[in-house]
1. So which residues in the range 17-50 are outside any loop (DSSP other than H, G, I, E, B) and of a type in the set (Gly, Ala, Ser)?
2. Would you check if Ala138 is part of a helix (DSSP H, G or I), open to solvent by less than 60 Å² (accessible area, probe 1.4 Å) and touching a Phe, Trp or Tyr at 6+ places or on another chain (Cβ under 6 Å)?
3. Being in contact with a strand residue (DSSP E or B) (Cβ under 8 Å, 6 or more places away or on another chain) and part of a helix (DSSP H, G or I) is the filter here; which residues of the range 109-135 pass it?
4. How many of the residues in the range 64-97 are polar (S, T, N, Q) and open to solvent by less than 20 Å² (accessible area, probe 1.4 Å)?
5. Among the residues of the range 63-108, count how many are modelled with pLDDT of 90 or more, closer than 18 Å to Trp28 by Cβ and not in a strand (DSSP E or B).
6. Would the range 120-127 turn up any residue that is in contact (Cβ under 8 Å) with a residue 40 or more places away in the chain and either at negative phi or open to solvent by less than 60 Å² (accessible area, probe 1.4 Å) (or both)?
7. Count, please, the residues in the range 107-118 that happen to be buried (at least 17 other Cβ atoms within 10 Å of the Cβ) and either under 18 Å from Val68 (Cα atoms) or touching an Asp or Glu at 6+ places or on another chain (Cβ under 7 Å) (or both).
8. Among the numbered criteria (1) at pLDDT below 90; (2) open to solvent by 50 Å² or more (accessible area, probe 1.4 Å), which one does Asn6 miss?
Amino acid sequence: MTKNLNAPGRKINLLYVLDHESPVDLEWRKKISKHFYLLRKEGLVAERDPFSLPEDDVRRCASEAEVVLLLVSPDLLCMENTKLLDECFNLYERDGFPRIIPVIVRECNWKDVKRYANLTSLPRQSAPVAKWSDADSALASVAKDVRGVVESFGKKPRSVPFLPECGPWD
């Protein structure tokens, strides 16, 4: 079964992947979400945090995600439970989908990770968000670029394999 990603008024499923054991990364997740407020208010995205998912739903929920935001930090790079992250990359490598976007929140050697090396990261200026003198400017830039990705879903015909829903995305 496939789902139509071009249905009018349909929300794009946006999945956050971060180290939920890192208080610093959790704080960045909250800050980024504030910059996505308009995307949510306009009904363009539905967000999901993976830490709230039962282990059995990981594959299903990874397959439902159209955009995966990796909040890249040293904590993400050394995270031990990578089942969700692995599933997202397996789908991407097999189907070219979901769209995986690394958001570099803190300085780390993320380009040394082979699976991240060819992905386009945000913010585009390459400096991690935490290094910007004004983090809100960096996050506004990230939100603008993510909006462009989300809006592009309505412009190109596309369908992906679909598994039954694993719960609400809001």
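The values are calculated or read from the model by the stated rules, or taken from the named source; none is laboratory data. As the structure is a prediction and not an experimental result, all values here were calculated from the model. For neighbour counting, all protein chains shown are included, and Cβ atoms are generated from backbone atoms with ideal geometry for every residue, glycine included. Each accessible area value is taken on the protein alone, full model and side chains, heavy atoms only, with ligands, DNA and RNA left out. Shrake-Rupley method; radii C 1.70, N 1.55, O 1.52, S 1.80 Å.
1. Correct list: Ser33, Ala46.
2. Answer is yes for this residue.
3. Selection gives Trp110, Val129.
4. So the answer is 1.
5. Number satisfying all stated conditions: 10.
6. yes
7. Final tally of qualifying residues: 2.
8. Condition (2) is where Asn6 drops out.
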